[in-house]
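One structure is given here, and the rest of the page talks about it.
The values are calculated or read from the model by the stated rules, or taken from the named source; none is laboratory data. Because the structure is predicted, anything quoted here is derived from the model rather than measured. Neighbour counts run over all protein chains shown; Cβ positions are idealised from the backbone, glycine included.
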Amino acid sequence: MITQIEGYDKEYTKKIPLPASAKTLGAGKTLASTIAIPNGFTYSEATAGKPDDVTITFVLFDEKGTAMGSYSKGYDLSK
């Protein structure tokens with residue numbers, strides 16, 4: 001999975017490896033999992049705006065590197 005944070009250019013992405021338990025998902029199924037982000041994220045309010053609503057986009061790739069889907073949501077990073 002690769003993430004992109006609002007305000008940062010496309011070169012600032014983070015690859016997040018999925019645990020083995022989250023790598024297989026049947027069609028029409030939903031999976032919830034807690035995933036550790038290696039080395040966390042750095043954040044600059046001057047670059048991405050106020051930390052109480054930062055949009056993070058997640059893109060999920062298959063084993064061949066083809067994007068399968070994406071999800072964007074605003075997160076409160078001030079907590």
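A quick yes/no check of all residues on (1) surrounded by fewer than 14 Cβ atoms within 10 Å (Cβ to Cβ); (2) modelled with pLDDT of 80 or more:
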position	(1), (2)
Gln4	no, no
Tyr8	no, no
Ala22	no, no
Gly26	yes, no
Pro38	yes, no
Asp52	yes, yes
Ile56	no, yes
Met68	yes, yes
Asp76	yes, yes
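Candidates in segment 11-20 are the residues that are charged (D, E, K, R) and assigned to a strand (DSSP E or B); of these, the one that is surrounded by the most Cβ atoms within 10 Å (Cβ to Cβ) is Lys14. Scanning segment 44-75 for residues that are touching a residue at least 24 places away in the same chain (Cβ under 8 Å) and within 14 Å of the chain's Cα centre (by Cα) returns Val54, Thr55, Ile56, Thr57, Phe58, Val59, Leu60, Phe61.
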